[in-house]
Ligand SMILES: [Zn+2]
């Protein structure tokens, strides 16, 4: 599955497989071939900008093409995407780290939904905070004490 990260400074040009080409009301790249509509692109750009503005400083809209025009708004490792019901999903994805020997340690993915993008982000951050608090309790409950205190 190919996803084209759209560069609005390079909107109407040719020559690259994932560069969208405007022909009438179709705005689609050769690599996609889904006959994506210019109106859908315009709508994605408008909605991404609206959501980014609603979320505030640091949130960046990203428009992508993959058999249709899509958008997401990101800050750090949090991504907000629109749902089919008109609401939004906020997702925090904590990348796995590879330990010695190739074992991958994953901290996971947390998602929350709401009809309002700010509420969705607040919910997912609350879930993340709850997970961090649980991890801190696990850490504290299993901590090592100095050896001299364990004798007798
Ligand atoms: Zn397309």
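Just one of the listed residues (39, 52) is under 21 Å from residue 18 (Cα atoms) and not in a strand (DSSP E or B), and it is 39. Return yes or no: is residue 20 within 11 Å of the ligand (Cβ to nearest atom), touching a residue at least 40 places away in the same chain (Cβ under 8 Å) and over 29 Å from residue 121 (Cβ atoms)? Here the answer is yes, as residue 20 does meet what is asked. Looking only at the stretch 94-107, decide whether some residue is in a helix (DSSP H, G or I) and exposed (fewer than 15 other Cβ atoms within 10 Å of the Cβ). Looking for residues that are in a helix (DSSP H, G or I) and exposed (fewer than 15 other Cβ atoms within 10 Å of the Cβ), one finds none in the stretch 94-107, hence no.
When residue 112 is tested against (1) under 18 Å from residue 52 (Cβ atoms); (2) touching a helix residue (DSSP H, G or I) at 6+ places or on another chain (Cβ under 8 Å), only condition (1) is not met. Residues considered: 65, 72, 119. Of these, the only one that is surrounded by 12 or more Cβ atoms within 10 Å (Cβ to Cβ), touching a residue at least 40 places away in the same chain (Cβ under 8 Å) and either out of contact with any strand residue (DSSP E or B) (no Cβ under 6 Å at 6 or more places or on another chain) or under 22 Å from residue 18 (Cα atoms) (or both) is 65.
Filtering the stretch 38-62 to residues that are in contact with a strand residue (DSSP E or B) (Cβ under 7 Å, 6 or more places away or on another chain) and without any contact (Cβ under 8 Å) to a residue 24 or more places away in the chain leaves 38, 49, 52, 58, 59, 60, 61.
Each row is one residue, and each column tells you yes or no for (1) modelled with pLDDT of 95 or more; (2) in a helix (DSSP H, G or I).
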residue: 74; (1), (2): yes, no
residue: 85; (1), (2): no, no
residue: 90; (1), (2): yes, no
residue: 113; (1), (2): yes, no
residue: 121; (1), (2): yes, yes
residue: 127; (1), (2): yes, yes
residue: 132; (1), (2): no, yes
residue: 135; (1), (2): no, yes
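Considering the stretch 25-34, and only residues there that are at pLDDT 95 or above and more than 7 Å from the ligand (Cβ to nearest atom), the residue that is farthest from residue 64 (Cα to Cα) turns out to be 25.
The values are calculated or read from the model by the stated rules, or taken from the named source; none is laboratory data. Everything quoted here is computed from the prediction, not taken from an experiment. Cβ sites come from the backbone with ideal geometry, for glycine too, and all protein chains shown count toward neighbours.
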